[in-house]
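Q: I'd like to ask you about the structure that follows.
The values are calculated or read from the model by the stated rules, or taken from the named source; none is laboratory data. Predicted model, so just to flag it, every value in this text is computed and none were measured. Cβ atoms come from the backbone with ideal geometry, glycine included; neighbour counts cover every protein chain shown.
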Amino acid sequence: MEGKILYSFREKCEELGLNCHKNVNRILSMMDSYPDSCKDLQEYTKCCLNMEKLCSYLCDCCCNCDKVSKFILQEYKLKCDCIMEICDRLMKILSKKDYSYIRCDTIKKICNKKISKKSKKI
C-alpha cells in the first residue's frame, strides 16, 4: 500500500493502538469481576498488547517508508480478526456495561473499517 491512502490508514492504526494501550489495565481489572473468564480476558489483553505494538510499527512504516508491505497488512488483518473473535466471545460473557468499559465495541468498530479497495495489493 502506498500513496495518499496511507494517511487514513495511519489514522486508523493510531486510533486502534491508542485504544489498545489504554485498555490493558481495564481488562485486568475485569478479572476480579469475572474469575471464570480470566482465560478469555488474558487472551484479550495479549491481543491488545500485540495490536498496540503492531500499530506503532505500521504508523512508523506509513511515516518513514511511505509504504506498507502486503505481508504486514495481512498480519494486521489477521490480528484484527483475532481480536474481534475474542470480543465476540466476551460479549456473550460480560455485561453490556463491562463490555463497553473494556472497549470491545470500539475496537471491533475500528477493526471492521475496510481499507480502500485501491490499497488492496494483496
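Q: Only one of (1) at pLDDT below 95; (2) under 30 Å from M31 (Cα atoms) fails for D66. Which number is that?
A: Only one criterion is unmet by D66, namely (2).
Q: If we keep just the residues of segment 19-46 that are in contact (Cβ under 8 Å) with a residue 24 or more places away in the chain and hydroxyl-bearing (S, T, Y), which is surrounded by the fewest Cβ atoms within 10 Å (Cβ to Cβ)?
A: The residue in question is S33.
Q: List the number of the failed condition for T45; all other conditions in (1) among the hydroxyl-bearing types (S, T, Y); (2) more than 21 Å from N112 (Cα to Cα); (3) under 15 Å from the mean Cα position of the chain (by Cα) hold.
A: (2)
Q: Ok, one more. Residues to consider are I72, I27, I5, I83; find the one that is closer than 15 Å to K109 by Cα and of a type in the set (A, V, I, L, M, F, W, C).
A: Sole residue among the options that is closer than 15 Å to K109 by Cα and of a type in the set (A, V, I, L, M, F, W, C): I83.
Q: Let me confirm something: among L58, L16, L54, L49, which residue is in contact (Cβ under 8 Å) with a residue 12 or more places away in the chain, surrounded by fewer than 17 Cβ atoms within 10 Å (Cβ to Cβ), at negative phi and aliphatic (A, V, I, L, M)?
A: Every option except L49 fails the conditions.
Q: Then there's this: Answer yes if at least one residue in segment 44-57 is more than 17 Å from I107 (Cα to Cα) and modelled with pLDDT under 90, and no otherwise.
A: yes
Q: Ok, one more. Check R10 against each of (1) surrounded by fewer than 18 Cβ atoms within 10 Å (Cβ to Cβ); (2) more than 18 Å from R103 (Cβ to Cβ) and name the one condition it does not meet.
A: The failed condition is (1).
Residue-wise test of (1) farther than 27 Å from P35 by Cα; (2) in a helix (DSSP H, G or I); (3) charged (D, E, K, R); (4) in contact with a Ser or Thr (Cβ under 7 Å, 6 or more places away or on another chain).
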{"site": "Y57", "(1), (2), (3), (4)": "yes, yes, no, no"}
{"site": "F71", "(1), (2), (3), (4)": "yes, yes, no, no"}
{"site": "E75", "(1), (2), (3), (4)": "yes, yes, yes, no"}
{"site": "I86", "(1), (2), (3), (4)": "no, yes, no, no"}
{"site": "M91", "(1), (2), (3), (4)": "no, yes, no, no"}
{"site": "Y99", "(1), (2), (3), (4)": "no, yes, no, no"}
{"site": "K108", "(1), (2), (3), (4)": "no, yes, yes, no"}
